[in-house]
Amino acid sequence: MLLLHQTLLSSDEYALMMPILSREYRVIDVDTPGRGNSDKAPRKYQIEDYARAIISFLDTLGINKSSIVGHHTGVAIAVEVAVTDPERVDKLTLSGCPYFKDETRAKLLRGEGLQHLVIKEDGSHLLKMWEIVRSISPDSRPEVWNKVVAHYLKAGEHAEG
């Protein structure tokens, strides 16, 4: 079972689930390129790029077929893997499927609507990121917001929100 995390976070997103899932499955989680502790991406990646990287990762491990679990962006990557290489996928589990209204989808397809990280000398970008993360998940705890902001900073110039 391959676990794919949401953008900005890392494979650490599944840290509490892995011991439970590993009772029944061989479980692998991976940081997508440019996220978590992986090397910085040489450019901005599209979903198709992430899917190719995942297929290459599976090839490197000698895994011909896998169940794939995707969360948020991981859903889009998992679906792209299934479309690109359907024989590779045993089952898909999709959590938090991205859904955008027509206007938002059109903006995203044009490359608009995403806020890129701009580091400010006065540190005001940190408060802005905190407020964005808190507004997206107001019922979470400060430890969760802190973790997401840390991943946002780690993504550097490729961070979007």
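The values are calculated or read from the model by the stated rules, or taken from the named source; none is laboratory data. Worth saying up front: this structure is predicted, and the values here are computed from it rather than measured. Positions of Cβ are backbone-derived with ideal geometry, glycine not excepted, and every protein chain shown enters the neighbour counts.
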- Is there any pair with a first residue in region 47-66 that is within 15 Å of VAL83 (Cα to Cα) and a second that is small (Gly, Ala, Ser) and surrounded by 12 or more Cβ atoms within 10 Å (Cβ to Cβ) whose Cβ atoms are under 6 Å apart and which are 6 or more apart or on different chains, and what are they? ILE47/ALA76
- Of all residues in region 40-62 being surrounded by 13 or more Cβ atoms within 10 Å (Cβ to Cβ) and in contact with a strand residue (DSSP E or B) (Cβ under 8 Å, 6 or more places away or on another chain), which is nearest to THR7 (Cα to Cα)? ILE54
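Okay, residues lined up against (1) farther than 30 Å from ILE132 by Cβ; (2) assigned by TED's automatic domain parsing to the domain that holds VAL133; (3) in contact (Cβ under 8 Å) with a residue 24 or more places away in the chain:
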{"residue": "GLU24", "(1), (2), (3)": "yes, no, no"}
{"residue": "VAL69", "(1), (2), (3)": "no, no, yes"}
{"residue": "THR84", "(1), (2), (3)": "yes, no, yes"}
{"residue": "LYS91", "(1), (2), (3)": "yes, no, yes"}
{"residue": "SER95", "(1), (2), (3)": "no, no, yes"}
- Item | Matching residues in region 87-108 - criterion: being at pLDDT 85 or above and among the basic types (Lys, Arg) | ARG88, LYS91
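Residue by residue, here is whether (1) assigned to a helix (DSSP H, G or I); (2) in contact with a helix residue (DSSP H, G or I) (Cβ under 6 Å, 6 or more places away or on another chain) holds:
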| site | (1), (2) |
| --- | --- |
| PRO42 | no, no |
| ARG52 | yes, no |
| LEU58 | yes, no |
| ILE68 | no, yes |
| ALA78 | yes, no |
| THR93 | no, no |
| THR104 | yes, no |
| ARG134 | yes, yes |
- From the set of residues in region 11-40 that are hydrophobic (A, V, I, L, M, F, W, C) and part of a helix (DSSP H, G or I), which is nearest to the chain's Cα centre (by Cα)? MET18
- Item | region 136-153, residues that are over 22 Å from LYS40 (Cα atoms), part of a helix (DSSP H, G or I) and not aliphatic (A, V, I, L, M) | PRO142, GLU143, TRP145
- Item | Residue selected from region 109-161 under the condition closer than 17 Å to SER10 by Cβ and among the aromatic types (Phe, Trp, Tyr), by the criterion modelled with the lowest pLDDT | TYR152
